[in-house]
1. With Rg and the Kirkwood Rh both taken from Cα atoms, where does Rg over Rh land for segment 120-286?
2. At q = 0.17, 0.26, 0.27, 0.32 Å⁻¹, what is the log10 ratio I(q)/I(0) for segment 220-268, with the Debye formula run over Cα points and no solvent?
3. With a sphere of radius 11 Å drawn around the Cβ of SER283, what net charge do the other residues whose Cβ falls strictly inside it have (Lys, Arg +1; Asp, Glu -1)?
4. Considering lysine pairs in segment 81-212 that are 8 or more places apart or on different chains, how many have Cα atoms under 29 Å apart?
5. Note down the relative contact order for the chain as a percent, whole number, built from C-alpha pairs under 8 angstrom at least six residues apart.
6. When a footprinting reagent is the concern and you count Cβ atoms within 10 Å, what order do LEU4, LEU15 take, fewest first?
7. Among ILE245, ILE101, ILE139, rank each residue by its count of other Cβ atoms within 10 Å, from fewest to most, as a rough exposure measure.
8. About its Cα centre, what dipole magnitude does the chain give when the only charges are +1 on Lys and Arg Cβ and -1 on Asp and Glu Cβ, stated in debye to the nearest 20?
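Readers should treat all values here as calculations from the given coordinates under stated rules, not as data from a laboratory. Since we're looking at a predicted model, the values are computed, not measured. Here Cβ is always computed from backbone atoms with ideal geometry, including for glycine, and neighbour counts include all displayed protein chains.
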Amino acid sequence: MSWLSGYQYRQKLVLKRADGAQTDYQMKLTMHKGTGTSAGAVCYLGNKAESWAASIPHDVRFTTAGGETQLKYWIETSDTSSATIWIKFDSIGTTDTDFYIYYGKESETTTSSGEDTFIFFDDFESGDLDKWDTKTFAISTTAYQGTYSAYGETTVTGEIKYLSKSITACRKARYIVWARFSVTNKDAFYIFHRPSYVLAAQSGYFRYYDGSWKNLPTSTSFAANTWYRCEATLNQDTKKYKVYINGSYKGEITTVLTGSDQTGTRHASSYAASQTNGWIDNSIVAKFDDPEPTYESWGSEETPVTTKRGAFFMVM
């Protein structure tokens, strides 16, 4: 079994999806720098990360079962003690499929990349909208992370500003974006506008539109000039989707989807009877299936031991 060069520790993580294999599937993992027992979608590094500098876990890597082929990943959020990371697993089987997380390497630099991890990703740090097909939004320096975001502003009755991107047609997808709105009492900023009116900020609440505006099953208001993490998992086979705001499940919608393939992502600022402007940051399209693959189990921490001949074996 090979070992990723320079790293002092690793843990095995086992995934599977009994309902059918998946390739290039993005899954979220919560990581803690300190001590604890790794289980499910949560792991602990036992204070052995050597390059967790300031608020970024630089010396964390993920590999396939062979121990050296690295997987793409993106750090969604992190601080001095924990991180939320998305990993793009190359192949998850219907039975136990092994992967490794490595940590403990001095002077390492993160290789986190949203663009390499997801179907589509834009954090707007390029300072332009070149990734988008239709782009009547503008670049703004009011950002959730980093320096830039995209800003949709309308000033004339009936005006609509769009930011849209075509993607390869699919039956199911996960949409994530961070959104912020200028006011709470007006109509309407479309957070996810394709397909149909999946999620919007409208008159102070997160809502959807199926012929009339409706609150989410768990009614949820929003405040002006506050960032919200908005997520929707869409399944055109069942014509249903689930909504999450700031990681909290807000219910399943059954009256909007038509069964047509997902063909893109779109955000829109609409000046109807009144004006609502908004910002978006970290716009993401990822794979989704229902049921999703699961983290089945974790192995004990392993370390490499070098012999006099230069070979190594693992101590568990």
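1. Numbers: Rg = 14.5 Å, Rh = 15.6 Å.
So for segment 120-286, dividing Rg by the Kirkwood Rh gives 0.93.
2. Summing over Cα pairs of segment 220-268 leads to -0.61, -1.07, -1.10, -1.22.
3. Surrounding charge for SER283 is 0.
4. Value for segment 81-212: 15.
5. Here the relative contact order equals 22 percent.
6. By the 10 Å Cβ count, ascending: LEU4, LEU15.
7. Least crowded to most crowded, the residues run ILE139, ILE245, ILE101.
8. Roughly 460 debye, rounded to the nearest 20.
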